[in-house]
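Here, each number is a calculation from the coordinates, and none is a lab measurement. Treat the numbers as computed from the prediction; the structure is a model and nothing was measured. So basically every Cβ, Gly included, is an ideal-geometry build from the backbone, and we count neighbours across all protein chains shown.
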Amino acid sequence: MSISLVSLNKKSASSPPVFEETIQIVESALLAIGIPCKRMLNELDLGGINLIFGVGTDFSFSIEDIIKNCNPAHCIIFNLENLLVQHESIYVTPAYLNLLKQYVVLDYNQANVDFLNEGCVEAKAFEFPLMPTENFVKQFSGLVRQASPGWDLAFFGGINERRGQILNSLASMGLKIKLINAYGMELAEQLVDCKAVLNIHFYQRGILEIPRCLIPLALGMPIISEASILPAAVNWRKSGIFFCSHEDLLRECHAVVSSAHDLSALSQAARSFRFGGPIASQLEATMNEVFKGLLRQNKT
């Protein structure tokens, strides 16, 4: 059974691909377990199964259009929003949550999955083990991290008051922080001159922002992250990410970037953190449940 990986991006002519790294990894993981895939942009395979990315974002078509054109018996939504902050996020609206309830959903964090399955007789949401695959990593093999990086920390992503306070405090401590506004290979090229990547949640209740971690991990870069709600399918404490509380973030950032030993250990863990083995078998079982869920949708 094959799957079409559908990217929704109504601004495709003027913007970078939406969730491109996530789609690459999903494709690579599905191919590894024997599920053929093809990529599509802003159109559906009407005779097959579609896994749709970008729903509910600024790049997506309206929720009304999704419901009208995407048959729940043939379409799976890949959710990449933090559903636990529904009262804070402009994207996690009642309309978006209602949309997700109508479809089989794949998600990269079990906390979101549990939220969606609450009250359901049979599960319709499932966790996908989103992590670097060997095929994904290969595209960055030509990039070499600098032996003496010019920057202590790299940060990329939107900056709100919560993130800005941390970044300003770290700068005042003398740490050199590189703010990056880039995607894909351009992002990777800008990261190689940094000791580590800093991950700060946009909201106080933060699930680990895995899409933001994929390229740094592929490069073998240490990541220093605010403590996170972690996925269940994969042990992310072995990923080369150093987790610490919000209160300790300043102290730990300074300590980690000042320690060649810590940076080396985290880098080695990041390079070893790859999809395969038992995780592939687990994904196979998950996708069997996803296909069963679609069959149940066919009967309703």
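Based on DSSP H runs of at least 4 residues, each adding -39500 (n - 2.57), what is the mean residue ellipticity at 222 nm of the chain after dividing by all its residues, to the nearest 500 deg cm²/dmol?
Working: 11 runs with 114 residues, N = 300.
When only DSSP H runs of four or more count, the value is -11500 deg cm²/dmol.
For Ser258, Ser148, what's the fewest-to-most ordering of other Cβ within 10 Å of each Cβ? Can you show the working numbers first?
Details: Ser258 12, Ser148 6.
Ordered from fewest to most neighbouring Cβ atoms within 10 Å, Ser258, Ser148 come out as Ser148, Ser258.
Using per-residue counts of other Cβ atoms within 10 Å, averaged over each peptide, order 222-234, 62-74 from highest down. Before the final figure, lay out the partial values.
On the way: 222-234: 19.9, 62-74: 14.9.
Peptide ranking by packing, descending: 222-234, 62-74.
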- Task: Only residues of the range 83-122 count here: report those whose backbone N is under 13 Å from the spot 7 Å along Cα→Cβ of Arg162, or say none.
- Result: 83-90
- Mind checking which lysines have their Cα closer than 25 Å to the Cα of Lys124? Skip sequence neighbours fewer than 8 apart in that chain. Lys38, Lys68, Lys101, Lys292, Lys299
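Taking R0 as 25 Å, what FRET efficiency do you get between Leu97 and Ala73 from their Cβ-Cβ distance, rounded to the nearest 0.05?
On the way: r = 20 Å, r/R0 = 0.82.
Calculated value: 0.75.
How large is the dipole of the range 202-254 about the Cα centre if only Lys and Arg carry +1 and Asp and Glu carry -1, each at its Cβ, rounded to the nearest 20 debye? Intermediate values should be presented prior to the final figure.
Numbers: 5 positive and 5 negative charges, 36 e Å.
Result for the range 202-254 is approximately 180 debye, rounded to the nearest 20.
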- Query: Where does each of 77-83, 203-209 land if you order them by average Cβ count within 10 Å, highest first?
  - Reply: 77-83, 203-209
- Only one of the listed values, (1) 1.69; (2) 1.22; (3) 0.97, was derived from the coordinates as Rg/Rh (Cα atoms, Kirkwood Rh); which label is it? (3)
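Pairs of Cα atoms under 8 Å, at least six residues apart: use those to get the relative contact order of the chain, whole percent.
Relative CO of the chain lands at 18 percent.
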